[in-house]
Every structure is written in structure tokens, then in C-alpha cells.
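*Asks:* My questions all concern the structure below.
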Amino acid sequence: MSEFKLMKGNEAMAEAAIQAGCDAYFGYPITPQSEVLEYLAREMPKHNRIVMQAESEVASINMVYGAAGAGFRTMTSSSSPGISLMQEGISYIAGAELPCLIVNVNRAGPGLGTIQPGQGDYFQSTKGGGHGDYKMIVLAPASVQEMADFVFLGFDLADKYRNPVLMLSDGAIGQMMEKVQFKPYTRPEIDKSSWATTGKPKTRNRNYITSLHILPEKMEVHNLKLEEKFKKIRENEVRFEEINTADADYLFVAYGLSARICQKAMDIARQKGIRIGLLRPITLYPYPYQRLRELTAQVKMMLSVELNSGQMVEDVRLGVEGKVPVEFYGRMGGMMPTPEEIVHHLETLIQYHHAN
Amino acid sequence: MNSINDCRKLEELIVAGFGGQGVLSLGMTLAYAGMVENKEISWMPSYGPEMRGGTANCIVILSDNKISSPILSLFDSAIVLNQPSMDKFAPRVKPGGLLLYESGNIFKPSTRTDIDIIGIPATTEALKMKNAKTMNMIMLGAYLQLKPVVQNDSILEALAKVLPEKYHHLLPINRQALELGEALAKEMKTQLV
Amino acid sequence: MPIDQHVLPETDLIIPACHKEEEDEYEVVYHKPATLVDVNMHYCPGCAHSLVHKLIMEVVEELDIQEKTVGVAPVGCSVFAYDYMDIDMQEAAHGRACAVATGIKRLMPGKYVFTYQGDGDLAAIGIGETLHAINRGENILIVFMNNAVYGMTSGQMAPTTLPGMHTTTSPDGRDVSFYGAPIKVAELMANLPGSFYVTRQAVNSANAVRKTRKALVNAFKYQQLHKGTCLVEIIGNCPSNWKMTPVEAAKFIDEEMVKTFPLGDIKVPNAEDLKIF
């Protein structure tokens, strides 16, 4: 086991990319994730990998398309406004079924917003983002260690399903420093020769990468094929963490940074005698609907805590199917709730539901 | 003040001041030292668009257990290096906690009586050492004297990691600054008692 | 006039007449390149795309680089280029062909990478990617088809539409005071140090086709030098959207288009760079 390092989330992610065998990174500077491009600009050439500062996020994502289409392990990262610019390219990548890793170090919006952390890109990340019917696997790290771990996982899932994977982090997880350890990793052997555009030898038909299927009959076949893939992803790739749910009467549902704050809030609430647990979705797509539904047999209320105006709470409600009340608490604009603030809100809600 | 044993198990600290005062590197040195001792650590900076000036702060948590929230509203200790930070964070120190401030930059310290408030003339002392930038290390030395959350050796090891190698010729003066801070705090503590 | 040839009036395009006798008796003097997929193309009669597709594939065959060539198709009339060219290809988002080609070429510097883009794709929505790719001196070939009009969406104004030219979105003719003058892409890009070879050609006559073919051969070969980007701008005929017969369209190029877009080499490599050939 390698030794611990003290790193920023963004740096850990960049180092993980190198260790995961990322062949190419294309990016454009934007706060709060410019460290990624800086780190890779310094380190990638030492490993004979390609790193390039593109002229825009639009160019970055299309460079990713080109390199991924040629069969290379490729990655980009940005923050909210830059990710918005990439949406068209991401839709093409999903349509053309290209594996790649995209990282969004979420800042608060809309518009130019602020450079402070936010979770306002939940809908964009999980419900489409770009045009057309597609899904990305969305991984939500809650620590610097996970910023590193999910790079390996993300690349592997992307290859496994020939689908873009999004790591949805935020400015706080990206900027904070924690201990991180890089585990030994072997890149799975994946044969991409049946589709990667590496130059057509006489021995095979030409490969072409496209998302265009102009005949509706053929386009629908392609859509159904994608849907089949997304179904498989939903069946096999749901990931979540549960803390203190065994005896829980109430449940926090939160991901990423919010989940960390909720852990502290949970400690405080439990000291006050409120038996509350936490369910932290690790994959935001596919979403742990099933587990939430199971927990309705046990808990009296769920509270979704987010750094937005209430986005994931809709998925919690979808999972719960009205069986127990689902409440929401959030802060926006780069402001973050304190654990005490969350506990105060929780207590108010418990009283309200008790009275009613 | 929470006991030495308590602070060694869990310490939640905020360091705040102007950008350029060495706020972030003070916190980072402490975080590194925590890692040297196999503690759980988190270092959460405030970050802004300006590279220099403006206000800066970082929350450092050192713990024997897994750290939950890296963002806090109440702290065991605060090291504040300018007046706005004093005004903002003095009310957020937990009762019985420690508020350490740089007395050259702060003319109006908190009047709270339920916490220990100690001023260190770190800027004056740093200027005497002919290196104003050692101010933050004097503050760190003073803090560690009052709250020995990590061992001295760990801090020295951490310093070597935080300082890029091209600045390693500055290690001795930083060490000196730490020792000076410790001595100053010891003096202040005696006065306090 | 020899009876086995039909010469189109007012052009020097020569099309051999069909032979009624058995083929065996004749020597094959021309065949379609094997690298061109044997399917019907969707292009309109008199369109330049089919001809330029064929030329590119002829060059790929001649240089024997099918295994080493990766093309990038645009959004526009030639979006289906990968249906016709028997090489590995990628279909890029509108305007992003040069970014996609950058991704491919940077990872596989030993391959021959080219983009095939129209004027809407390259000069409007994609001029940023194009300019930056050339400025970086990406070792790619950009084949730029300039027919002064959006073809696939049926005849809207392009950045290269001539002053006064009627299109569906400039029904009274392009007003330069409102929309600016047509962008001279080749001249613009030749100014960038990253461009290595820049030329503007046409395919509206046999002579023009020969010159274009030569330009494409050179541009492909120059990729071996790793000296920068080659840009071959080709003035394309678009009889459908110009509302002309193919013959009128061929004539329009010589009489009108070349006034704004003069043909010929704009930037050529110096002899020193070409020594190895």
C-alpha cells in the first residue's frame, strides 16, 4: 500500500488520472478547478501523455471526442459554466458511444454565478444536460480520497459501457486538502479495435464514429440500444453509502459536500436524542431509488439537504412514492449550511410532522 | 480551554487574515504535521478570485477519527491576523476555546470573557528577525505552545514538505520563528495566569 | 468534334461517351478509386462534393495511406462523407472538426488526419476551432469546401456569400453594410505562422480538377513533415442552391466567385522544407 499524501481534491483527481493511464487530457482554465490542468500540464509530459489547453471548453470536449473515438483513455474537467458549454459535445459523445471521463467541479450559478461551491448542476448532470435521450453515469465524491478513487472507477465504467462518465464534485471538495492514498491499479484490457478509428487495415471494414442516424427507423433502433445499456447500468451500478440507518427514525439524504455536513449534523442530532441516519447516493445516475423505497418502512421522514434550490429532492420523492414525507433544506449562491443550522431545521420539521 | 488531551483527539481551528499574511500556509503546515502523526485531517480554504490581498481563511481539522464536515461554524480555536477576521470569528469560538490574535494588526480584540484571548506581537517580532514573512510561523509557534495538537518534530517535518525545495534555505529561520512564538506564548500564558 | 466525346458547351469538362462494345477490347484508362465506397451518393447533380470526395480517395489510394488515414466529416452536405470514403472516419459536431482532428492527431501523430468542412461549418460556427488549430500548427489537412452558401439547410447565407448574392436569408442580396464582407478564409489563415501550405482551388473544369488534385497530393504528403497545417480551400459548385444549371454554376465560379476568391497558392512551403521529397 502506498503512503498517504496530503492533496487538494483537484490535484488528487489529476494524479489519479495519470495513475489510471489517462492517455489525454484536454481542458480550459476555470475556477475552482484550474489546478487540474496545471497539475497535468506539469506531470503528463513526464509520462509521455497528451495534455492540452484548448481554446475553449467547446474545443476541449470535441478534442475528447476525437481522441476517445480513436480509442484512447481521455478526460476533461471544468466547472459549471464550462460544463454548460460542453453539453452539445457530451450529447454527441453519448450518441456516438464514446468512453470518456468528464469532471464538473460544481460552482454556484446560474450564469457566471460565483466561484464558491454549489450543487446546482444536479439536474443538468442527471437528467440530460445536452439534447436527446441519453444518460451519463454520475459519480459524486464526498472526499479527496473519492476524488481520486472515482477517476479509476469512472474510466473503467466508461470503458465497460462505452458511455461518458461524469464525476460531479464541487468547489469545496476540489479545493480542500485531505489525506489520500493511491491504491495499486491495473487497467482492464479492453479491445476497441471493432470501433476505434485508428486507420483502416485491409483486413477489416472501416470504423466510423457518428451520432447521426438520419432514417427514423434506424435512429430508433439506436435509441433502443442505448436504452438497453442504460437499463443495464441501472441494474448493476447503483452505489450509495449508509450511516446510522439501522436504528434511524429519520433520514438525511445528501451527496458530496452536503453529505459531509450532514454527518456532523447527524452527530449533533444524535447527541440530542434524535435517531437520524444518512443515505449518501454515490451514483446520482443510476439513483438508489430502491433503497430509499425500502427505508420508507422504517423512517418517518426524509430530509434532502442540498446546495441548491431543491433538485435531488425530486429523485428522493420518486423513490419514496409518497410513503413518507420528504422535506428539503438547501442553501444557494455558494453559501453553505452549518451543521447546527441543519439540525435546527430538522427539529422544526420533526415538531411540525409530530403536530400534524 | 479544552484540555490538552481533548485537543489532541479533535481540534477544529480557523485561521483568518489578509491574503499574503501566510494564512493558508500556516494551516497547511499544521495539516501536514497532522498527517505525519497519522491523524485524520482536513484543510478547507476560502478561495477568491484575487491572488493577493483580500481576505483569506482556512479551516483545519485534526482528529483521531474520520472527519465529517470540513465546513464548520464553531471552532475550538481561532488564529486571527487582522481586525475584520477578529470581528467575524471571535464570536464563533466555542466557550472555553482559544482566540489567538496578532496584536500589531488588531487594535480592538474581542471582549469575551468565556474564552482565552491572547495577543502576540508577531509582526514586530518578525521585523526584528528581518523577515516579515515569518509572522505566520511565530503565530503557529505560539498556538502550538497553547494547544499542543501535534509534536514539535512533526511540525518541523511538515515545514520541509510545505516549503518548496527552492526555499529550503529558509527552513532555519522558520524554525527560529516557531521557537520564538512558543517563547512569546509561554510568557503571555504566565501573565494570563 | 470527335464523335466519341461530348463536350459540354462553354466549359472544357469532357465526359467519355458510353462504350457499346465489349469492355475487354479496351484498355482501362480510368477507374473509380477502390477507396471510394461503391454506393450512390446523395449529392445533387453538378455538386462539387462528389468530385472532391473522389479526388481525396484517389490521393489516399495513390499514396497508399488508407491504413494510416483518419478523416473527420462536418455537419453540412458532406455530413455523410464517411458513407463514401472507405477509411476510418469520425463525424464531428457542427464546426468542431478541427478540434476533433486535433484530438485524433495528437494521439496518433503518425497518421494522416484530415477534416472536410463546408463554409458554414468552418467559417461561421467553427472558425474559432479552425483558427486555433491552424495557429497551433496542427499537422492536419483541412479541406475547406467554399460554395458561398449553406447547402444542407437549403441555401441560407454563409460567411462567404458574395456581396449582393441572393440567398434564402438574404433575399435582396447580401448587404455588406449589414452583414460584413465575405470572409477570405485562405488569406486569413495564411497569415498564421502555424499554416504551412494554403491554396485556393476549384473543380469547375478539367484543368481546375487537375490542379486541385495536385494540391491535395501535396497537402497529404506535407503531413509527413510535421511542419504545420495545410489548408486547401476549394470553390465548390452548388447549382441547386445557386438556382443554376450545373453548367451555369461552373461558369459562375469563373465569372463571379474568383473575383472575391482568387484561385491559386497563397502560402507555399520553401524549397528547404521540401528537400526530402
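The values are calculated or read from the model by the stated rules, or taken from the named source; none is laboratory data. The structure displayed is predicted, hence computed values, not measured ones. Because the Cβ atoms are built from the backbone with ideal geometry, glycine has one as well, and the counts that use them run over all protein chains shown. What goes into the accessible areas is simple: the full protein's heavy atoms, side chains included, and nothing from ligands, DNA or RNA. Shrake-Rupley method; radii C 1.70, N 1.55, O 1.52, S 1.80 Å.
*Asks:* Which lysines have a Cα less than 27 Å from the Cα of B:K166, not counting those fewer than 8 places away in the same chain?
*Replies:* A:K5, A:K8, A:K46, A:K179, B:K128, B:K130, B:K133
*Asks:* Considering every residue in A:206-217, what mean count of other chain Cβ atoms within 10 Å of its Cβ is obtained?
*Replies:* 5
*Asks:* Okay, next question. Starting from one equal scatterer on each C-alpha and no solvent at all, send me the Debye-based log10 I(q)/I(0) for the protein assembly as shown at q = 0.08 Å⁻¹, two decimals.
*Replies:* So the normalised log intensities work out to -0.79.
*Asks:* Further question: In what order, largest first, do B:H169, C:H42, A:H345 sit by accessible area if the probe radius is 1.4 Å?
*Replies:* Reading off the accessible areas and sorting them downward yields B:H169, C:H42, A:H345.
*Asks:* Let me have the relative contact order for the range A:240-355, percent, based on Cα pairs under 8 Å that are six or more residues apart.
*Replies:* 28
*Asks:* Roll a 1.4 angstrom probe over the protein heavy atoms and tell me the percent of accessible area of chain B that is carbon or sulfur.
*Replies:* C and S fraction of accessible area: 54 percent.
*Asks:* Also: Averaged across A:46-55, how many Cβ atoms of other chains sit within 10 Å of each residue's Cβ atom?
*Replies:* Shielding by partners across A:46-55 averages 3.
*Asks:* Also: Quick one: check the C-alpha center-to-center distance for the range B:85-106 versus the range A:51-88, whole angstrom.
*Replies:* 45
*Asks:* Okay, moving on. With +1 on each Lys and Arg Cβ and -1 on each Asp and Glu Cβ, and nothing else charged, work out how big the dipole of the range A:246-355 is about its Cα centre, in Debye to the nearest 20.
*Replies:* Here the range A:246-355 has a charge dipole of around 180 debye.
*Asks:* Order A:Y28, C:Y30, B:Y101, B:Y143, most accessible first, counting only protein heavy atoms with a 1.4 angstrom probe.
*Replies:* The ranking, largest first, comes out as C:Y30, A:Y28, B:Y101, B:Y143.
*Asks:* Measuring with a 1.4 Å probe in the full set of protein chains, what accessible area per residue, in whole Å², belongs to chain A?
*Replies:* Accessible surface, normalised per residue, equals 37 Å².
*Asks:* Report, as a whole number in µm² per second, the diffusion coefficient that Stokes-Einstein gives for chain B at 25 °C and 0.890 mPa s using the Kirkwood radius over alpha carbon pairs.
*Replies:* 150
*Asks:* I've got another one for you. Hey, got a sec? Which trypsin sites (Lys or Arg not before Pro) in the range B:93-193 land in a DSSP loop and have at most 10 other Cβ atoms within 10 Å?
*Replies:* B:K130
*Asks:* Report, in deg cm²/dmol and to the nearest 500, the calculated mean residue ellipticity at 222 nm for the protein assembly as shown, where each DSSP H run with n ≥ 4 adds -39500 (n - 2.57) and the sum is divided by the residue count.
*Replies:* -11000 deg cm²/dmol
*Asks:* Place the peptides B:55-68, A:196-209 in order of packing, highest mean first, counting for every residue the other Cβ atoms within 10 Å and averaging per peptide.
*Replies:* B:55-68, A:196-209
*Asks:* I would also like to ask the following. On a C-alpha basis, how far is the centre of the range C:153-232 from the centre of the range C:84-137 in Å? Whole number, if you could?
*Replies:* With the range C:153-232 and the range C:84-137 each reduced to a Cα centre, they are spaced 15 Å.
*Asks:* Now for a separate question. Looking only at A:T114, A:T283, A:T186, which one moves most when chain A is put into a Gaussian network model with springs between Cα atoms under 10 Å?
*Replies:* So, out of A:T114, A:T283, A:T186, the one fluctuating most is A:T186.
*Asks:* Next question. With charges set only on the Cβ (+1 for Lys and Arg, -1 for Asp and Glu), what does the dipole of the range C:47-267 come to about its Cα centre, in debye to the nearest 20?
*Replies:* 540
*Asks:* Taking the Cα atoms of chain A, what is the range of coordinates along each of the three principal axes, in descending order and whole Å?
*Replies:* Cα extents, longest axis first: 76, 49, 41 Å.
*Asks:* Let me have the relative contact order for chain A, percent, based on Cα pairs under 8 Å that are six or more residues apart.
*Replies:* 17
*Asks:* Any chance you could look up the accessible area of A:C100 with a 1.4 Å probe, heavy atoms only, rounded to 10 Å²?
*Replies:* The accessible area of A:C100 comes to roughly 0 Å².
*Asks:* Okay, moving on. Once you charge only the Cβ atoms, +1 for Lys and Arg and -1 for Asp and Glu, what is the size of the charge dipole of chain A about its Cα centre, to the nearest 20 debye?
*Replies:* 780
*Asks:* Moving on to the next point. Give me a single rounded figure for A:260-266: the average over its residues of other chain Cβ atoms within 10 Å of their Cβ.
*Replies:* Going residue by residue through A:260-266 and averaging, the value is 4.
*Asks:* Next question, about the same structure. Any aspartates and glutamates with Cα under 13 Å of the B:K189 Cα? List them, leaving off those in the same chain fewer than 8 positions away.
*Replies:* B:D116
*Asks:* By average Cβ neighbour count within 10 Å, what is the ranking of A:164-172, C:255-263 from highest down?
*Replies:* Output ranking for A:164-172, C:255-263: A:164-172, C:255-263.
*Asks:* Specify the inter-centroid distance of the range A:177-211 and the range A:118-170, based on alpha-carbon positions, in whole Å.
*Replies:* Spelled out, the Cα-based centre of one part sits 18 Å from the other.
*Asks:* Give me log10 I(q)/I(0) at q = 0.08, 0.11 Å⁻¹ for chain C, Debye formula, one equal scatterer per alpha-carbon, no solvent.
*Replies:* Those come out to -0.32, -0.61, one per q.
*Asks:* Test of the criteria: in the range A:139-192, which GluC sites (Glu not before Pro) are in a DSSP loop and have at most 12 other Cβ atoms within 10 angstrom of their Cβ?
*Replies:* Here the sparse-neighbourhood loop sites are A:E189.
*Asks:* If you don't mind, there's one more thing I want to ask. Among the listed pairs C:K54/C:K243; A:K202/C:K105; A:K192/C:K267; A:K160/A:K218; C:K68/C:K243, give every one whose C-alpha distance is greater than 29 Å.
*Replies:* In this structure, A:K192/C:K267; C:K68/C:K243 lie more than 29 Å apart at Cα.
*Asks:* Of A:L168, A:V238, A:G21, which is farthest on the positive side of the dipole of chain A, counting Cα position, with +1 on Lys and Arg Cβ, -1 on Asp and Glu Cβ, and the Cα centre as origin?
*Replies:* Highest projection toward the positive end goes to A:G21.
*Asks:* Here's a follow-up. Work out the charge dipole of the protein assembly as shown with +1 on the Cβ of Lys and Arg and -1 on the Cβ of Asp and Glu about the Cα centre, then indicate which of C:S78, A:M336, B:Y32 is farthest towards its positive end.
*Replies:* So the residue furthest toward the plus end is B:Y32.
*Asks:* In Å and whole numbers, how far do the C-alpha atoms of the range A:106-264 stretch along each principal axis, longest first?
*Replies:* Over the range A:106-264, Cα extents along the principal axes are 61, 39, 39 Å.
*Asks:* Tell me the Kirkwood hydrodynamic radius of the range A:255-356 in angstroms, computed as one over the mean inverse distance between distinct C-alpha pairs.
*Replies:* 13.9
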